[in-house]
1. How far apart, in nm, are the 7 Å Cα→Cβ label points at Asp69 and Lys86?
2. First select every other residue whose beta carbon is under 11 angstrom from the beta carbon of Thr218; then total the charges, Lys and Arg +1, Asp and Glu -1.
3. Quick check of the Kirkwood formula: for the chain, what is the inverse mean of 1/r over all pairs of different Cα atoms, in Å?
4. I'd like the distance between the alpha-carbon centres of the stretch 138-185 and the stretch 66-104, rounded to an integer number of Å.
5. Run the reach check for Lys86 against aspartates and glutamates, Cα to Cα strictly under 18 Å, same-chain hits fewer than 8 apart removed. What comes back?
6. Would you list which lysines come within 30 Å of Lys133, measuring only between C-alpha atoms, while excluding same-chain residues fewer than 8 positions from it?
7. Roughly how large, in nm² to one decimal, is the mean projection of the convex hull of the alpha-carbon atoms in the stretch 140-265?
8. At a 1.4 Å probe, what is the % contribution of carbon and sulfur to the accessible area of the chain?
Amino acid sequence: MSTLPSCKESSKLVQMEHIYKTFNKGSVNEVVLFSDFNLSIDKGEFISVVGSNGSGKTTMLNILCGFTDIDSGRILLRGSDISRLKEFRRAEFIGRVFQDPSKGTCPSLTILENMALADNKNKPFGLTQGVNKKRIDAYRTQLELLKLGLEDKIHLQVGNLSGGQRQALALLISTMTPIDLLILDEHTAALDPRSSETVMELTQRIVTQKKLTTLMVTHNLKYSVLYGSRLIMMHKGDSVIDVRGEEKKRLDVSHLLKVFNEISVECGN
């Protein structure tokens, strides 16, 4: 589990405070993406994030995960400043599922071996077997939750699975050990419609059962309305819509599409 020091109990799990980020600084291609950007995420929230290309969605995720450095500002997780922590350190308490199904699993290893690696996350490595045979039944039980029949293919190489199966497995693997925050980076965008529906239903089930605080970036406006307790639409490095609870429940795709189209016209698209 996380090595962060325990802090005073608060409903705020994540706080991005006064974030500034400029790309290609000092060049003709300079782009100021974030200028005094702020975001707070409460424990247990499931946030859907939408927005046009270049709005800052993925960069926000990369900043949270430590893949992209900030120019100034700070990021707090459970009250501790993680702004300067390296990406591999943040991976101890942040799980991430990428758009590309191949990024969340190792194709040359079996389902069993992939799960064993995930099970040993944050544990010291020694000269012991990578797969604990006593855990195989537990892995099968977890695979049954996916309802894809993977529990009967536990010795199959992951590279032989379909994109939807791999993404479902990646989602399961990313949540096998305790994490503070689950990040879903357009995790259904590369899937066919049927697989997308399956993965989203699975996402809802896992997030609910494990009570995970979740930040999901998606281009699918329907999913952003159907799933999550809060919705944010980003534009030019800031939020133009931020609703939750009953207000979010009253939103529909047509309203989001109207705002999205207005933004596109403003940008000359």
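1. Going from the Asp69 label point to the Lys86 one covers 1.4 nm.
2. Taking every Cβ under 11 Å from that of Thr218, the sum is 0.
3. Working: mean 1/r = 0.0508 Å⁻¹.
With all distinct Cα pairs of the chain included, I get 19.7 Å.
4. 22
5. List returned: Asp69, Asp71, Asp180.
6. Within the straight-line cut-off, Lys133 pairs with Lys103, Lys121, Lys123, Lys147, Lys153, Lys210, Lys211.
7. One quarter of the hull surface, i.e. the mean projection, equals 9.0 nm².
8. 51
The values are calculated or read from the model by the stated rules, or taken from the named source; none is laboratory data. This structure is a prediction, so every number in the text was calculated from the model and none was measured. We place every Cβ from the backbone using ideal geometry, glycine too, and count neighbours over all the protein chains shown. Note: areas computed on protein heavy atoms with side chains; ligands, DNA, RNA excluded. Shrake-Rupley method; radii C 1.70, N 1.55, O 1.52, S 1.80 Å.
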